[in-house]
Amino acid sequence: MTTALIHHEDGFKHLMPPGHPERVARLEALMPALEGKNVTRVEAPFCTPEDILLCHPQAYVDAINKAAPEEGFVQLDGDTYLSPGTLDCVHRAVGGTIKGVDMVLGGEARNAFVAMRPPGHHAETATPMGFCIYGVVAIAAKHALQRHGLNRVAVVDFDVHHGNGTQDLLWSEARTLFVSSHQSPLWPGSGAPSERGAHDNVLNIPLAPGTGGALFRQEYEGQVFPALNAFRPELILVSAGFDAHVDDPLANLALVEEDFAWVTRKLCEIASEHCEGRLVSYLEGGYDLDALAASGAAHLDELIARNG
């Protein structure tokens, strides 16, 4: 078995105004750090319109398509933009993550990392926000449930910001467990432990500013891993945001590359115990370029190590 690294050059076509943190340079820094690794490289395909409708209503999709510009930028909210290349980029992000699910469930790969952009975990049912347009990982979860017939899909989000969009999209889905660790207080202001989901299927782990690796690991050992083991997932999806790194400019947690490697390794171990190692991760945040490259490489190295 192998690790699939799923990417497409269209990831570079989603342009942002000067100075925006979610910029093309993120992939320009990350992809060279992933060169030379023992992976199966796969081009992210376009998703279908029906894929997006697994989570978002047609009226919302129509509004996004209509707003997409032929030149310049269209601002959807305070920090979310469309450019002429955005739709190709985000459609391949969704399609690539679905491809990853298909590969691991079909036995073509043990696990997969989808290195695309923009992030997706802030996009709510009919609201783009926080750089995000479509709920990429939530769509992948619904794909696994509705088209592959799974009964239990876990989503783990270790981005520094709460995955409010994924929570919104999976709130009433009893066949999912959504877990988010995130800095609090911090934008978007959601993610309290009292937010439990319609079926007690949401677990939020707020972390105080300044939290480092020791407390992060303690919370995962004490709360996240027991919840995952009790849930017994048939597939684990990961919102792999690396902006909890100590060097990231948008937040104030203090993780380092070894912490991302550790949590990836532990999630792979749980996947091995419950679902034959089937795990798919999607790139979310991470805005210090050096930290993103090093952390993303450490994450991929741990996925590859599970194939040895």
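The values are calculated or read from the model by the stated rules, or taken from the named source; none is laboratory data. These numbers come from a predicted model, not from an experiment. When we count neighbours, we look across all protein chains shown, and the Cβ atoms used for this are built from the backbone with ideal geometry, even at glycine.
Within segment 231-251, can you find the residues that are under 21 Å from Gly120 (Cα atoms) and surrounded by fewer than 24 Cβ atoms within 10 Å (Cβ to Cβ)?
Asp248, Pro249, Leu250, Ala251
A residue that is touching a residue at least 40 places away in the same chain (Cβ under 8 Å), over 23 Å from Asp102 (Cα atoms) and either surrounded by 15 or more Cβ atoms within 10 Å (Cβ to Cβ) or in contact with a Pro (Cβ under 9 Å, 6 or more places away or on another chain) (or both) occurs nowhere in segment 39-53.
Tell me, which helices (runs of 4 or more DSSP H) wholly within segment 26-140 include 3 or more residues that are among the aliphatic types (A, V, I, L, M), modelled with pLDDT of 95 or more and touching a helix residue (DSSP H, G or I) at 6+ places or on another chain (Cβ under 8 Å)? So that I can check it myself, show each step before the final result.
On the way: elements: 49-52, 58-67, 86-105.
Once the helices (runs of 4 or more DSSP H) in segment 26-140 are filtered for at least 3 residues that are among the aliphatic types (A, V, I, L, M), modelled with pLDDT of 95 or more and touching a helix residue (DSSP H, G or I) at 6+ places or on another chain (Cβ under 8 Å), what remains is 86-105.
Considering only segment 173-181, I want to know if a residue exists there that is among the hydrophobic types (A, V, I, L, M, F, W, C), part of a loop (DSSP other than H, G, I, E, B), surrounded by 16 or more Cβ atoms within 10 Å (Cβ to Cβ) and in contact with a His (Cβ under 9 Å, 6 or more places away or on another chain). No, there is no match, as no residue in segment 173-181 is among the hydrophobic types (A, V, I, L, M, F, W, C), part of a loop (DSSP other than H, G, I, E, B), surrounded by 16 or more Cβ atoms within 10 Å (Cβ to Cβ) and in contact with a His (Cβ under 9 Å, 6 or more places away or on another chain).
Name every residue in segment 141-171 that is assigned to a loop (DSSP other than H, G, I, E, B) and either crowded, with 24+ Cβ neighbours inside 10 Å or of a type in the set (Lys, Arg) (or both), in order of residue number. Reasoning before the result, please.
Taking segment 141-171 and keeping what is assigned to a loop (DSSP other than H, G, I, E, B), we get 149-152, 158-163, 171.
Across segment 141-171, the qualifying residues are Arg152, Phe158, Asp159, Val160, His161, His162, Gly163.
Among the residues of segment 173-187, those that are closer than 19 Å to Leu207 by Cα, over 16 Å from the mean Cα position of the chain (by Cα) and not hydroxyl-bearing (Ser, Thr, Tyr) comprise Gln183, Pro185, Leu186, Trp187.
Of the residues making up segment 284-308, those that are among the acidic types (Asp, Glu) and either touching a Gly at 6+ places or on another chain (Cβ under 7 Å) or not in a helix (DSSP H, G or I) (or both) are Glu284, Asp288. The residue that is nearest to the chain's Cα centre (by Cα), counting only those in segment 64-83 that are surrounded by 15 or more Cβ atoms within 10 Å (Cβ to Cβ) and in contact (Cβ under 8 Å) with a residue 24 or more places away in the chain, is Thr80.
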